[in-house]
Amino acid sequence: MKIAAFGEVLLRLATKKGVLISNSNEFNLNFGGGETNVLVSLSNFGVETRMITKISEDSFGDGMLSYLKSKSIDTNYIIRGEGRTPIYFLEVGSGNRNSKVIYDRKNSVFSSICSEEIEIEEALRDIDILHFSGITLAISEEVRKLTFKILEHCKKNNILVSYDSNYRAKMWSLEEASNATKMILPYVNILSAGILDAENILNMRCDLEDKYKKLEYYYDEITKKYTNIKHIYSSIREIKSASVNTLQSNYYKEGKLHSSKIYEIDDIVDRIGGGDALTSGILYGIIANKSSEYISEFSVVASVLKHSIYGDANLVSIEDIENIMNNGVSRVGR
């Protein structure tokens, strides 16, 4: 199985833990972006991956290409062009001070990408699953137009579509996100959406108090309306502080919700990319034909381990994840 992603690769500039942007004298440089992070994780799991994007014709673009190639991601369908590299600044949180993200991605080189620049049929040749997110849809009207052309091709050629709603209030309004999401859901087969997505983006309501019953109700309703959607998932996170969270994965298939154990993360190194790590765990479980119980557990542990790694991407292996699933964290690997 081969998975492609369509999205923007970003330059990440982050402070050290305990340092504010306002008094930082240096930033740590990494590359990231939601779709990129998913592919890096999947490549670590031995899955063939391909990135479809547009990056700048400068040293930042060169660095992005080197980074993706180093993670065994196919870069043959990455376009180079004139334009600015998108950046996000991360002020790393600690204790009771949350992390803060500042975007500098308006009018980026990717925001101008158009269908004339991409041979969609070639870019998606031999691809089994295409993954993208609401962040991609939020970037520009040009990107949205190309996304719909890609989705049309996927539908005609039986390529499964994975969509992470991934709403970012700093990028577009709930109304814009709602309108766009409702337009793309008829093309989606694997959906990441939680209770807030159902209520705020899909405008759904119910009187149920229990969060698991509420999730199952919303997922039942979504799959009734969009019969093309076969898999839905989300995480439930409890934030005790910026350094201590609990995390659980919920995976829905064939009318049944499967919830993982609840894991406590007691020393968060980097929360960014945790949701992408969970997505990669879900996608791996689906293509590997794993049980629903395995998928929910594998995905949450993948995300939990990501919180211990600095940078956007999760770098753990299947063995690392399954070791925690089977043995917990008490044993030292020798």
## Note on the structure
FRET efficiency for Ser317 and Ser66 from the Cβ-Cβ distance with R0 = 22 Å, rounded to 0.05, comes out at 0.50
### Task
Round to a whole angstrom and tell me the spacing of the C-alpha centers of the stretch 67-111 and the stretch 223-292.
23 Å
### Query
Glu209 to Ser308: extension gain in nm, 0.36 nm per residue of separation minus the Cα-Cα distance?
32.4 nm
### Task
In nm, give the distance between the simple-model label positions of Phe27 and Ala288, each being 7 Å from the Cα along the Cα-to-Cβ direction.
3.6 nm
### Query
What distance in nm separates the simple spin-label points at Thr227 and Asn158, each placed 7 Å from Cα in the Cβ direction?
1.8 nm
#### Entry: Estimated vicinal HN-Hα couplings, Hz - the stretch 210-218 in sequence order (Karplus 6.51, -1.76, 1.60; Gly, Pro = x)
5, 5, 6, 5, 5, 4, 5, 4, 4
### Query
Cα-Cα pairs above 17 Å in the stretch 232-275: how many percent?
36 percent
### Message
Please report the projected area of the stretch 108-186's Cα convex hull averaged over all directions, in nm².
### Response
5.1 nm²
### Message
How long are the semi-axes of the equivalent ellipsoid of the stretch 180-239, defined as square roots of 5 times the Cα gyration tensor eigenvalues? Whole Å, largest first.
### Response
19, 12, 11
### Task
Would you list the P(r) distribution for the stretch 10-137, with all Cα-Cα distances sorted into 5 Å bins from 0 and each bin expressed as a whole %?
2, 10, 18, 21, 19, 14, 9, 5, 2, 1
### Summary
Semi-axes in Å, largest first, for the stretch 170-211 (Cα gyration tensor, √(5λ)) are 19, 14, 9
### Query
Toward the positive end of the charge dipole of the chain, about the Cα centre and with charges on Cβ (Lys, Arg +1; Asp, Glu -1), which of Ile135, Leu202, Leu13 goes farthest?
Leu202
### Summary
Under a Gaussian network model of the chain whose springs join Cα atoms within less than 10 Å, the largest fluctuation of Ala169, Ala177, Ala198 belongs to Ala169
### Query
Using a basic spin-label model with each label point 7 Å from the Cα along Cα→Cβ, how many nm lie between Arg237 and Lys170?
1.4 nm
#### Entry: Listed peptides 78-86, 118-126, 189-197 by packing density, highest first (mean Cβ within 10 Å)
189-197, 78-86, 118-126
### Estimated Rh, the chain: Kirkwood, alpha-carbon pairs, angstrom
20.2 Å
#### Entry: Debye, to nearest 20: dipole size of the chain, +1 on Lys, Arg Cβ, -1 on Asp, Glu Cβ
440 debye
### Message
Assuming 0.36 nm per residue, please report the length gained on full extension of the stretch Glu121 to Val244 beyond their Cα-Cα distance.
### Response
39.8 nm
### Over the stretch 212-307, volume per residue of the alpha carbon convex hull, in Å³
92 Å³
### Query
Which of Leu278, Tyr218, Ser249 sits closest to the plus end of the dipole of the stretch 197-334, meaning its Cα is farthest towards the positive end, when Lys and Arg get +1 and Asp and Glu get -1 on the C-beta?
Tyr218
### Task
With θ set to phi - 60°, apply the Karplus curve 6.51 cos²θ - 1.76 cosθ + 1.60 along the stretch 115-124 and write out the HN-Hα couplings as whole Hz, x wherever there is a Gly or Pro.
5, 5, 8, 10, 7, 4, 4, 5, 4, 9
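Where a number appears in this text, it was derived from the coordinates with a stated rule and is not lab data. The shown structure was predicted, so the numbers you read here are calculated from the model rather than taken from an experiment. Neighbour counts run over all protein chains shown; Cβ positions are idealised from the backbone, glycine included.
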